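Report on one structure; see the data block that follows.
Just so it is clear, none of the values below were taken in a lab; they were calculated from the coordinates. This is a predicted model, so every value here is computed, not measured. Counting neighbours? That spans all protein chains shown, and the Cβs are built from the backbone with ideal geometry, glycine included.
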Amino acid sequence: MSVINKMLRDLDQRNNNVTSANQIIARQHGQPLWLTVLLLLTFCLLCFAIYAVLSRNPVMPAADLTSAVPEPAAQQLPAEPAIPAEIVISASLEPTDSLEPTDSPESSQSAAPEQSATPENTATTIIAAPELPAQAVAEVAEIAAQPEQQPAKPADIAAPVPQATEVAQISVPPTAKTDSSLSVTSREPTAAQSQAKLRQQALAAAQAGQPQQALRYWQQLQQLAPQDAVVYLAQARLWLQLGQPQQAEVSLLQAKAQGIVDADIQLMLAQAAASRQQWLQAEALLPAGFAVALHPDYYGLKATALQQLGQHQQAFEWFAELSRLQPQLGKWWLGGAVSLEALARPAEAHQYYLNALQWGDSLSVQSKTFIQQRLVATE
């Protein structure tokens, strides 16, 4: 009897379990939509909270990112650390007063807290003084005196290692490093630079009253620029200053041998011939190929040479042209008056003598005396 009762109780219990399971399944199938949406929103909020906790540490700028190096790596630093040229390290080498705890759990448990960059100098990395050798301190101070370079891009900065240490470094890829050694290449001066330097030295020596030294500079310049007329003119004037007209004429003849045609060189050669009373040679050295307005003395000597050769008509034509261009100079009026009187034109010569006396402030006393005598003779 007891066995039958036990079997009945077991059967009744199994029926109850089946009924309970059916009720639970029925409840699950009949779950409302709002409850499902609520569960989904709760799950999304939970995911967002987890993401916010994981991303609590904000991304710092490229200049403030520092990567912590494990303690064994800090102990293996060489005596003279290689510091990239892109990173400027502070020369004070003293830790800052403001310290920030790190967000990493391992860093918060470390005995030596990591130093953080101050707001006033966010582009520098502080290295603790006890860990830096004396020679490295001198190198760091020298680098700190240089102008600040551009900071590396955020993509080039390695992620911080979650272990605290007293030495902070910035990892730069090998391609970002630059060679700090400066290579100085000396280039030979160009021909134009050498000529300009010699010209300046020659002018400075002449102004300093050193004609011999100035001559040496001009002679060196003549080797570099044999077609420059100024070189020969400068040498000729210096030779005249030294009282050696023959050497001056030699320099001018060298210019002619180079095929140089210059009005000033021709004028100086003609003056040398006129000083020897070689009027025919002087007139031949003064061809009419230059502008009269630009070279009045050139044509004044030519007119004088023609006058000395007895060619008064041609001489008068040059003097008349010069007196029109420079009426304030009495010497042109005087030269024209002499040629007019030689051409038997006393009335015109008398007027030219009057004009020469009127504009003869620069004439010598002998010339003024001669004009007074000729005025009386041509009345």
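Of the residues Q308, Q258, the single one that is closer than 29 Å to A349 by Cβ and in contact (Cβ under 8 Å) with a residue 24 or more places away in the chain is Q308.
Applying the criterion of being over 18 Å from A248 (Cα atoms) and either assigned to a helix (DSSP H, G or I) or among the charged types (D, E, K, R) (or both) to the residues of the stretch 280-297, the residue that is farthest from the chain's Cα centre (by Cα) is L280.
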